[in-house]
1. Please list the non-local residues whose amide H lies under 5 Å from the amide H of Ile67, H modeled 1.01 Å from N, same-chain partners needing a gap of 5 or more.
2. Charges on Cβ only, +1 for Lys and Arg, -1 for Asp and Glu, centred on the Cα centroid of the chain; of Ala172, Asn42, Pro139, which one is farthest towards the dipole's positive end?
3. Along Cα→Cβ, 7 Å out, is where each label goes; now give me the distance between the ones at Trp52 and Ser68 in nm to one decimal.
4. Where both partners of a DSSP beta bridge lie in the stretch 1-75, what percent of those bridges are antiparallel, to the nearest 5?
5. Of Asp79, Asp167, Asp149, Asp28, which has the most accessible area and how do the rest follow, probe 1.4 Å?
6. Ignoring everything but the protein chains, give the 1.4 Å probe accessible area of Asp17 in square angstrom, nearest 10.
7. I'm a student and want to see the number: the projected area of the Cα convex hull of the stretch 9-121, averaged over all directions, in nm².
8. Explain nothing, just compute: Karplus ³J(HN,Hα) = 6.51 cos²θ - 1.76 cosθ + 1.60, θ = phi - 60°, for every residue of the stretch 188-193 in order, whole Hz, x for Gly and Pro.
Amino acid sequence: MKIAPSLLSCDFSVMGDEIKRMDIAGADWMHLDVMDGHFVPNITFGAPVIKWVRPYSDKPFDVHLMISEPLRYIDDFADAGADIITFHVECDSDIDATIEKIKSRGIKPGLVIKPNTPAEAVFPYLDKLALVLVMTVEPGFGGQSFMADMLPKVGAIKAECQRRGIDLLIEADGGIGEATIAQAAQAGIDVCVAGTAVFKAEDAAKAIAKLKAY
Ligand code: DX5
Ligand code: ZN
């Protein structure tokens, strides 16, 4: 199991140091939640901030765009140093054009589905994606409760990929910690995002090691 700490729960006054701390603690990827106050009710940070903190780790930067028009900003996030860009299938941009734009910049594309969106919504794009991110909370805020009823979507996506001979990663995001990681692992998730569980832990390295063990 790969663990991607969500910087949403970090101390933003020292975000670079927090990334370094997660790198040393054993994080596999850095998960960066970009919110525009329109697609979701919260605002976080954008490409300039990611560009500033990029030198603090060599680990892959997994940029999760919770914004209405991702296509308009792909170049900015590419220039900022994103390795993976995920955006929502519910957004207003053209999905195929956005995937193509991400790929044209040499970045791995991923599609995200909100809790009320069925797994089938990503089926038309599976052969073009590097990963699918299944939200296990309503996007917008950290620290919410894990929605175990989202896990059947993971099985549905995996079955469809298997049927079509497609190899991609499945990531889950929201409410993942010691109490819920076993369920996520059992469902076949490859990468788990964890904000609160890692940043609020007394010892981040121990917290990450425990989660990775699944
Ligand atoms: C929610 C974000 C998540 C969130 C996870 O909109 O996409 O990445 O920060 O935080 P926890 O692990 O606290 O649920
Ligand atoms: Zn996220």
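The values are calculated or read from the model by the stated rules, or taken from the named source; none is laboratory data. Being a predicted model, the structure only gives us computed values, none of them experimental. Here the Cβ positions follow ideal geometry from the backbone for every residue, glycine too, while neighbour counts run over all protein chains shown. Just the protein is used for accessible areas: all its heavy atoms, side chains included, with ligands, DNA and RNA removed. Shrake-Rupley method; radii C 1.70, N 1.55, O 1.52, S 1.80 Å.
1. Placed amide hydrogens put His88 under 5 Å from Ile67.
2. With unit charges placed on the Cβ atoms, the residue in question is Ala172.
3. The answer from the label model is 2.6 nm.
4. 10
5. Details: Asp79 85, Asp167 145, Asp149 110, Asp28 40 Å².
Result, largest first: Asp167, Asp149, Asp79, Asp28.
6. Looks like 80 Å² after rounding.
7. 7.2
8. x, 6, 8, 10, 10, 8
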